[in-house]
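S.K.: Mind having a look at this structure? Questions to follow.
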Amino acid sequence: MARLGQRSALRIAGTWVVAACTIGGLAAAGALLSPTLQALPEVEQLREYHPPGVTRILAADGTLVGELWEERRLPVPLARVPLHVRQAFLAAEDVGFYGHWGIDVRGVARAAWVNLQRGGVAQGGSTITQQIVKALLLGPERSWTRKTKELVLALHLEHVLGKDEILALYLNQIYFGRGAYGVQAAAEAFFAKDVADLTAAEAALLASLPRAPTHYDPDRRPKRARARQEWVLARMHRAGFLSTVEWLAAREQPTVLAPRRTPPAVLAAPWYVEHVRRVLEEHYGNAARQLGLTVWTALDLGMQAKAEAALRDGLVVVDRRQPHRRGRPRAAEPTIEGALVAMVPGTGEVTALVGGWDPARSQWNRATQARRQPGSAFKPLVYAAALEHGFTATSRVLDGPITFGRGRGAWSPQNYGGRYYGRVSLREALARSLNTVSVRLLDGIGLDDALATFVKFGIPGPLPKNLSIALGTHEVTLLDLVAAYSVFPNLGERVEPVFVTEVRNAAGERVPFPGTLGERRTKVMDPAPAYVMTSLLESVVTRGSGREAASLGRPAAGKTGTTNDAKDAWFIGYTAELLAGVWVGYDDARPMGARETGGRAATPIWTDFMARALADVPIGDFTVPQDVLFVNVEPWSGLRATAGTPARLEPFVQGTEPTEFARVRIPKPEPEAEEPPVATAPQYVDATASAPPPPVP
């Protein structure tokens, strides 16, 4: 016993001698390294340091739908970390943390003794304060120079930050394995729990990991992990953090790990979340993945599910009509693609967005990235420009053969099927989607003025300076066209699509973000002609190429679009409550077949979606501006109706209504409207080479 006591005394004395030599040696090294120490990092910067966190994307109702991260870290304030969880980490890493001044002298001496024996830096003897300095200011290099810097900076840090602040930095910074950084992410990754719900045994397991996450991995090395966990619990008991009863109970508690998985970056609405990611990175750059933001969006999860279902169901129907699919198993994935965007017209909130059949097949977002010819779906912008230039719904324009230019550069737009109807009203021309009327309108109002109007509608440039644009030859995205149509239900104002409605930083403070609710609105038209445009588009639904949408059973307006050889099929339409657009086609722009028009391929999908989305919404009607007058007119002449003549109630911008009365005539039946494709030619000529403008009313 005397010998044992003597050895113990010698060991203690030796430890203090080594400690004194170590501190003295470091002091001497500090003097020798004075120039190096003068270039040390600024400890004060850690006052404002916030560990990189996960940016979380939420739906409108607060449901988590996606995350962005470089290191999956969920910073939490120290107050949210239970005392026994903090004590587990203190027991494992630095039991004297609250008693020392940044350096554990005995720990340094012990590490120095081992290092001297091994002839290099094998142990660090680092306190939690030193570990923070190493992780955030110096890096992992193992050398006496780096160790000296670490000790100096640790002493300085203890004067800059309080103990709780240093511990909070540590708990939110360290890596645990399973892709988890920080104690909150670790609690979720290993136990599918919030840090506040961890037991002492679970906390001990987590505390055993930061020293060597791979070495003590409970999945791959369960025995080693269990032994380390018991060691931490024993340290907690020895330090007085756990009573004997608590210690024994924790040792007996089975540790049940959550299934090992990589947390998905997208939990719902993949196309929507991916677009929000792009929006965030356009503003913040790669920092969007590290700022720990909370991002609220306009996403309506119920509407998103209905949009996905309607698009998939519709694509299956179109795909089964394709010749190459006949005889194939009904369960095969469709090869055709599509997209759908839904937006609240008054606010611009994009409530649903589907960019294709399945993001696992292709991440190309056909709603926001694919630029395609809109065909006749572009014509309402031409008609809107005409209304702004004094045309009315009853203005008569010649529908007949026309040629622009001469020789090889000549261009002769044609109607679908080569049929012409003579002088027709704008309402009839749009319902029938007559190509020659659209081109004559564009030529009559002037190409330069019209292009300026299209820019205000938000159509991306550069816009081609030729008349073929009237037939939808300029490529746009579905989102571009949906936003352009917002001008009509908004009575002349285009509202920028809104995806992000609010952003808060890691501290929970609201931060400004461009494009949030109602921030970007552009006046494109006066209210009255915008309403008249809605009225014209209602005719497309009630008796034109968009008749399928009439089955919705509520006031609706919209326009179909079909390009040459049915390579693209569109329908953009709206009610008083909701605006939506659908595109259908192949990614490689091959034809879908002559009958796959916008009315047949896209409109049924739009109608199905709107029926689901508005099932519980009361039926509303479009707002009529004060300066709109309704006048009974004779349908064929556009003049005021008289007794004995057919009459149709037409809206007019005040001051443009007809004053002359029609003569009595025998009505002629009107044939059904058809959906023409866009008519293009190999070459187009400048508007300067066009024929004289058509007659105007």
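The values are calculated or read from the model by the stated rules, or taken from the named source; none is laboratory data. Bear in mind that the values here come from a model prediction, so they are computed numbers and not experimental data. Reconstructed Cβ throughout: ideal geometry from the backbone, glycine too, with neighbour counts over all protein chains shown. Side chains are part of the model used for accessible areas, which takes the heavy atoms of the whole protein and leaves out ligands, DNA and RNA. Shrake-Rupley method; radii C 1.70, N 1.55, O 1.52, S 1.80 Å.
S.K.: For ASP313, all conditions in the list (1) within 18 Å of the chain's Cα centre (by Cα); (2) open to solvent by 10 Å² or more (accessible area, probe 1.4 Å) hold save one; what is the number of the exception?
M.R.: (1)
S.K.: Please count how many residues of segment 297-310 are touching a residue at least 24 places away in the same chain (Cβ under 8 Å), closer than 19 Å to GLY62 by Cα and open to solvent by less than 60 Å² (accessible area, probe 1.4 Å).
M.R.: Qualifying residue count for the region: 6.
S.K.: Could you please find all residues in segment 447-460 being open to solvent by less than 30 Å² (accessible area, probe 1.4 Å) and hydrophobic (A, V, I, L, M, F, W, C)? Write out each step before concluding.
M.R.: Looking only at segment 447-460, we keep the residues that are open to solvent by less than 30 Å² (accessible area, probe 1.4 Å), and these are 447, 450-451, 453-454, 457-459.
Hits for segment 447-460 are LEU447, ALA450, LEU451, PHE454, PHE457, ILE459.
S.K.: From the list LEU442, LEU467, LEU463, LEU398, pick out the single residue that is in contact with a Leu (Cβ under 6 Å, 6 or more places away or on another chain) and surrounded by fewer than 19 Cβ atoms within 10 Å (Cβ to Cβ). Walk me through how you get there before you give the answer.
M.R.: Values: LEU442 fails: surrounded by fewer than 19 Cβ atoms within 10 Å (Cβ to Cβ); LEU467 fails: surrounded by fewer than 19 Cβ atoms within 10 Å (Cβ to Cβ); LEU398 fails: in contact with a Leu (Cβ under 6 Å, 6 or more places away or on another chain).
Of the residues listed, the single one that is in contact with a Leu (Cβ under 6 Å, 6 or more places away or on another chain) and surrounded by fewer than 19 Cβ atoms within 10 Å (Cβ to Cβ) is LEU463.
S.K.: Give the number of residues within segment 55-88 that are surrounded by 21 or more Cβ atoms within 10 Å (Cβ to Cβ), part of a loop (DSSP other than H, G, I, E, B) and at pLDDT 90 or above.
M.R.: 2
Per-residue answers, yes or no, for (1) under 22 Å from ALA384 (Cβ atoms); (2) not in a loop (DSSP other than H, G, I, E, B):
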position: ALA506; (1), (2): no, no
position: LEU536; (1), (2): yes, yes
position: PRO555; (1), (2): yes, no
position: THR560; (1), (2): yes, yes
position: ASP587; (1), (2): no, no
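S.K.: To continue, here is another question. Among VAL276, VAL295, which is of a type outside the set (Asp, Glu) and part of a strand (DSSP E or B)? Write out each step before concluding.
M.R.: Details: VAL276 fails: part of a strand (DSSP E or B).
After applying the criteria, what remains is VAL295.
S.K.: Of ARG211, ARG260, which residue is open to solvent by 80 Å² or more (accessible area, probe 1.4 Å), touching a Lys or Arg at 6+ places or on another chain (Cβ under 8 Å), touching a residue at least 40 places away in the same chain (Cβ under 8 Å) and not in a helix (DSSP H, G or I)? Show your work before the answer.
M.R.: Values: ARG211 fails: touching a Lys or Arg at 6+ places or on another chain (Cβ under 8 Å).
Of the residues listed, the single one that is open to solvent by 80 Å² or more (accessible area, probe 1.4 Å), touching a Lys or Arg at 6+ places or on another chain (Cβ under 8 Å), touching a residue at least 40 places away in the same chain (Cβ under 8 Å) and not in a helix (DSSP H, G or I) is ARG260.
S.K.: Also: Output yes when any residue across segment 220-227 is at pLDDT 95 or above, farther than 25 Å from GLY177 by Cβ and assigned to a helix (DSSP H, G or I), and no when none is.
M.R.: So far as segment 220-227 goes, no, none of its residues is at pLDDT 95 or above, farther than 25 Å from GLY177 by Cβ and assigned to a helix (DSSP H, G or I).
S.K.: Continuing with the same structure: For ARG326, indicate whether it is surrounded by fewer than 22 Cβ atoms within 10 Å (Cβ to Cβ), among the charged types (D, E, K, R) and at pLDDT 90 or above.
M.R.: Details: surrounded by fewer than 22 Cβ atoms within 10 Å (Cβ to Cβ): yes; among the charged types (D, E, K, R): yes; at pLDDT 90 or above: no.
Answer is no for this residue.
S.K.: Run down GLU230, GLU202, GLU188, GLU246 and say which single residue is touching a helix residue (DSSP H, G or I) at 6+ places or on another chain (Cβ under 9 Å), assigned to a helix (DSSP H, G or I), open to solvent by 30 Å² or more (accessible area, probe 1.4 Å) and under 30 Å from GLN290 (Cβ atoms). It would help to see each step written out before you state the result.
M.R.: Numbers: GLU230 fails: under 30 Å from GLN290 (Cβ atoms); GLU202 fails: open to solvent by 30 Å² or more (accessible area, probe 1.4 Å); GLU246 fails: under 30 Å from GLN290 (Cβ atoms).
Selected residue: GLU188, the only one of GLU230, GLU202, GLU188, GLU246 that is touching a helix residue (DSSP H, G or I) at 6+ places or on another chain (Cβ under 9 Å), assigned to a helix (DSSP H, G or I), open to solvent by 30 Å² or more (accessible area, probe 1.4 Å) and under 30 Å from GLN290 (Cβ atoms).
S.K.: Then there's this: Of all the residues that make up segment 233-243, how many are in a helix (DSSP H, G or I) and either at pLDDT below 95 or open to solvent by 50 Å² or more (accessible area, probe 1.4 Å) (or both)? Lay out the reasoning, then the answer.
M.R.: Initial filter on segment 233-243 (in a helix (DSSP H, G or I)): 233-238.
Next cut, either at pLDDT below 95 or open to solvent by 50 Å² or more (accessible area, probe 1.4 Å) (or both) only: 235, 237-238.
Counting residues in segment 233-243 that are in a helix (DSSP H, G or I) and either at pLDDT below 95 or open to solvent by 50 Å² or more (accessible area, probe 1.4 Å) (or both) gives 3.
S.K.: Taking the stated definitions as given, is ALA429 closer than 17 Å to MET533 by Cα, of a type in the set (Gly, Ala, Ser), buried (at least 24 other Cβ atoms within 10 Å of the Cβ) and free of Cβ contacts under 8 Å to residues at least 40 places away in the same chain?
M.R.: Working: closer than 17 Å to MET533 by Cα: yes; of a type in the set (Gly, Ala, Ser): yes; buried (at least 24 other Cβ atoms within 10 Å of the Cβ): yes; free of Cβ contacts under 8 Å to residues at least 40 places away in the same chain: yes.
Judged against the criteria, ALA429 is a match.
Okay, residues lined up against (1) at pLDDT 60 or above; (2) surrounded by 21 or more Cβ atoms within 10 Å (Cβ to Cβ); (3) under 31 Å from the mean Cα position of the chain (by Cα):
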residue	(1), (2), (3)
ILE619	yes, no, yes
PRO625	yes, no, no
GLU634	yes, yes, no
VAL664	yes, no, no
GLU674	no, no, no
ASP686	no, no, no
PRO695	no, no, no
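S.K.: Report yes if some residue within segment 277-289 is of a type outside the set (A, V, I, L, M, F, W, C), closer than 30 Å to GLN304 by Cα, at pLDDT below 95 and open to solvent by less than 30 Å² (accessible area, probe 1.4 Å); otherwise report no.
M.R.: Within segment 277-289, one or more residues are of a type outside the set (A, V, I, L, M, F, W, C), closer than 30 Å to GLN304 by Cα, at pLDDT below 95 and open to solvent by less than 30 Å² (accessible area, probe 1.4 Å).
S.K.: In segment 523-532, is there at least one residue being closer than 18 Å to PRO345 by Cα, out of contact with any strand residue (DSSP E or B) (no Cβ under 6 Å at 6 or more places or on another chain), open to solvent by less than 10 Å² (accessible area, probe 1.4 Å) and not polar (S, T, N, Q)? Don't jump to the end; show me each part of the working.
M.R.: Filtering segment 523-532 for residues closer than 18 Å to PRO345 by Cα gives 523-532.
The next check asks that each one be out of contact with any strand residue (DSSP E or B) (no Cβ under 6 Å at 6 or more places or on another chain); those that pass are 525-527, 530.
Narrowing the set further to residues that are open to solvent by less than 10 Å² (accessible area, probe 1.4 Å) leaves 525, 530.
Imposing the further condition that a residue be not polar (S, T, N, Q) reduces the set to 525, 530.
The answer is yes; a qualifying residue exists.
S.K.: Considering segment 558-610 alone, what residues qualify as being open to solvent by less than 10 Å² (accessible area, probe 1.4 Å), hydrophobic (A, V, I, L, M, F, W, C) and at pLDDT below 95?
M.R.: Hits for segment 558-610 are ALA566, MET592.
S.K.: For the subset of segment 490-515 comprising residues that are free of Cβ contacts under 8 Å to residues at least 60 places away in the same chain and closer than 22 Å to TYR574 by Cα, which member is least open to solvent (accessible area, probe 1.4 Å)?
M.R.: For segment 490-515, the residue satisfying everything is GLY492.
S.K.: Considering each of THR394, THR453 in turn, give the residue that is among the β-branched types (Val, Ile, Thr), touching a residue at least 60 places away in the same chain (Cβ under 8 Å), assigned to a loop (DSSP other than H, G, I, E, B) and under 30 Å from LEU649 (Cα atoms).
M.R.: Numbers: THR453 fails: assigned to a loop (DSSP other than H, G, I, E, B).
Within the list THR394, THR453, the selection yields THR394.
S.K.: Condition (residue is outside any loop (DSSP other than H, G, I, E, B), among the aliphatic types (A, V, I, L, M), surrounded by 13 or more Cβ atoms within 10 Å (Cβ to Cβ) and modelled with pLDDT of 95 or more) applied to segment 101-114: is it met by at least one residue?
M.R.: No - not one qualifying residue is present in segment 101-114.
S.K.: Quick one: in segment 132-177, which of the residues that are among the charged types (D, E, K, R) and open to solvent by less than 30 Å² (accessible area, probe 1.4 Å) is modelled with the lowest pLDDT?
M.R.: Just the residues of segment 132-177 that are among the charged types (D, E, K, R), to begin with: 134, 141-142, 146-147, 149-150, 158, 163-165.
In the following step, the residues that additionally are open to solvent by less than 30 Å² (accessible area, probe 1.4 Å) were identified as 146-147, 150.
Numbers: ARG146: 69, LYS147: 76, GLU150: 78.
Ranking the qualifying residues of segment 132-177, first place goes to ARG146.
S.K.: Restrict the check to segment 606-618 and report whether at least one residue is closer than 17 Å to LEU491 by Cβ, in contact (Cβ under 8 Å) with a residue 60 or more places away in the chain and not charged (D, E, K, R). Full working, then the answer.
M.R.: Initial filter on segment 606-618 (closer than 17 Å to LEU491 by Cβ): none.
Scanning segment 606-618, I find no residue that is closer than 17 Å to LEU491 by Cβ, in contact (Cβ under 8 Å) with a residue 60 or more places away in the chain and not charged (D, E, K, R), so the answer is no.
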